[in-house]
Ligand code: FCB
């Protein structure tokens, strides 16, 4: 790996969380069991051509039945925390109204087993599986969405906040508004105009703020609330002050191109996170799209900016940028640069720059890498093992960025590898394997990969074994 970011010698702080992440639709299966209602992803997967190979999450990793085995797996990996999501349609099959006792009981069992195994449960309220009936009532375009989401959040608080202490409201607004409403690549799959997308974004932001309040006011013990942001930071092409400042500017541009490109705007980071963290929409968005923005009622921005306890960042890679007289310029990745099976570049410094830029813009606060990981072409070899040295190298490199941040005072508190196990990768179906554990989808068999065994050692040593060259391949 060419990019060097390691600040060797910096120790991970005591209590640093070594976690892994998943999401309900991607692993649970049991789609028609236990009173679960349909979600937009159940419907989207049935539309020909939308999901690779016509795959769907009906069975996925069958975690709905194998949760006990999966908690034992986490324990064998020495995880100190596990990030999962509640399936809204399992808790409230219609999205509003009646609560499904069987759904609540499923998460009760999971949470109890995690606690018994000494693993902190970290719950995300919404990881894209919107109840289908809410979509049929307009989904994120319906001004009632913030109320519906707040009601759901109140249910989560009342049932689980005695045992779950860390909640994330929404996972990656850019994807379920940008990737869905602007692009149509993800469920529900309808393409909307820029003004409609901005309405959806505003409702989503209000829903987030209302959920923060509902979680806090309904909490049965002291809880912490944050969210998980999708983030592809711009990376300075060199560490010259000019390039660093160009990368910072590019990272937070809400309207990065000369024309008003709905995709670029709806995928931008600051569109969502400036309102959440600063209580204002980004200045460049207001200057260029002010006339397209929805009406913002009095009090909306205060609701959206309800204070959070931590920052959760989902970072997979960044793109290099350099300074020029005309503003930041994208620098192409070098020919032959390391790439994963998705075609995403491997850029270990992304965790460092991405977090540093956020701390500078939004102020210092506890930060967790709520997702980071790599898909590779893994399979179970003739020796019965899964040898994935590139994943070990990936995690080692990216954690080097965390270590550099720690050495400069960034309060990194934990890292959640995406994912605990191979799973349903949305529009890419089962074609991408991100897991520390291999899943044979025909039999449900889990096989811990070499990287999983390496990560277990890393977690047990609180990161001290990061530089060990042991690849666990024999
Ligand atoms: C993130 C999603 C997660 C998974 C990873 C690879 O954008 O939050 O569900 O699909 O990408």
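Residues 114, 125: which one is buried (at least 22 other Cβ atoms within 10 Å of the Cβ) and within 16 Å of the ligand (Cβ to nearest atom)?
125
Kindly establish whether residue 19 is under 23 Å from the mean Cα position of the chain (by Cα), within 16 Å of the ligand (Cβ to nearest atom), assigned to a loop (DSSP other than H, G, I, E, B) and within 28 Å of residue 317 (Cβ to Cβ).
For residue 19, the condition - under 23 Å from the mean Cα position of the chain (by Cα), within 16 Å of the ligand (Cβ to nearest atom), assigned to a loop (DSSP other than H, G, I, E, B) and within 28 Å of residue 317 (Cβ to Cβ) - is not met.
In region 174-204, what residues are touching a residue at least 40 places away in the same chain (Cβ under 8 Å) and not in a helix (DSSP H, G or I)?
Selection gives 183, 185, 186, 187, 188, 189, 192, 193.
Just to be sure before I move on: is residue 185 over 19 Å from the mean Cα position of the chain (by Cα) and either surrounded by fewer than 21 Cβ atoms within 10 Å (Cβ to Cβ) or modelled with pLDDT under 95 (or both) in the structure I sent?
Working: over 19 Å from the mean Cα position of the chain (by Cα): no; either surrounded by fewer than 21 Cβ atoms within 10 Å (Cβ to Cβ) or modelled with pLDDT under 95 (or both): yes.
Criteria not met by residue 185.
Sort through 465, 419, 451, 428 and tell me the only one that's within 27 Å of residue 185 (Cα to Cα) and in contact with a helix residue (DSSP H, G or I) (Cβ under 7 Å, 6 or more places away or on another chain). Walk me through it before giving the result.
Working: 465 fails: within 27 Å of residue 185 (Cα to Cα); 419 fails: in contact with a helix residue (DSSP H, G or I) (Cβ under 7 Å, 6 or more places away or on another chain); 451 fails: within 27 Å of residue 185 (Cα to Cα).
Going through 465, 419, 451, 428 in turn, just one is within 27 Å of residue 185 (Cα to Cα) and in contact with a helix residue (DSSP H, G or I) (Cβ under 7 Å, 6 or more places away or on another chain): 428.
Right, residue 150: buried (at least 24 other Cβ atoms within 10 Å of the Cβ), in contact (Cβ under 8 Å) with a residue 60 or more places away in the chain and either in a loop (DSSP other than H, G, I, E, B) or in contact with a helix residue (DSSP H, G or I) (Cβ under 7 Å, 6 or more places away or on another chain) (or both) or not?
no
Which residues, taken from region 41-66, are closer than 16 Å to residue 85 by Cα and within 16 Å of the ligand (Cβ to nearest atom)?
Within region 41-66, 41, 57, 60, 61, 63 qualify.
Within region 153-173, how many residues turn out to be part of a loop (DSSP other than H, G, I, E, B) and farther than 15 Å from residue 426 by Cβ?
Result for region 153-173: 5.
So which residues in region 205-232 are farther than 17 Å from residue 129 by Cα, within 16 Å of the ligand (Cβ to nearest atom) and part of a strand (DSSP E or B), if there are any at all?
Hits for region 205-232 are 226, 231.
Return only the number of the condition from (1) under 24 Å from residue 11 (Cα atoms); (2) modelled with pLDDT under 95 that residue 395 does not satisfy.
So the condition that residue 395 fails would be (2).
Considering region 412-471 alone, what residues qualify as being assigned to a helix (DSSP H, G or I), within 15 Å of the ligand (Cβ to nearest atom), surrounded by 20 or more Cβ atoms within 10 Å (Cβ to Cβ) and at negative phi?
None - no residue of region 412-471 is assigned to a helix (DSSP H, G or I), within 15 Å of the ligand (Cβ to nearest atom), surrounded by 20 or more Cβ atoms within 10 Å (Cβ to Cβ) and at negative phi, so the list stays empty.
Sort out for me the helices (runs of 4 or more DSSP H) sitting completely within region 299-408 that have 1 or more residues that are within 16 Å of the ligand (Cβ to nearest atom) and touching a strand residue (DSSP E or B) at 6+ places or on another chain (Cβ under 7 Å).
350-362, 389-407
Table: residues versus (1) within 22 Å of residue 60 (Cβ to Cβ); (2) in contact with a helix residue (DSSP H, G or I) (Cβ under 8 Å, 6 or more places away or on another chain).
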| position | (1), (2) |
| --- | --- |
| 72 | yes, no |
| 85 | yes, yes |
| 96 | no, yes |
| 99 | no, yes |
| 122 | yes, no |
| 129 | yes, yes |
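Restricting to region 156-202, give me the number of residues that are within 14 Å of the ligand (Cβ to nearest atom) and out of contact with any strand residue (DSSP E or B) (no Cβ under 7 Å at 6 or more places or on another chain).
Residues meeting the conditions: 10.
The values are calculated or read from the model by the stated rules, or taken from the named source; none is laboratory data. Treat the numbers as computed from the prediction; the structure is a model and nothing was measured. Don't worry about glycine lacking a Cβ; one is built from the backbone with ideal geometry, like all the others, and counts go over all protein chains shown.
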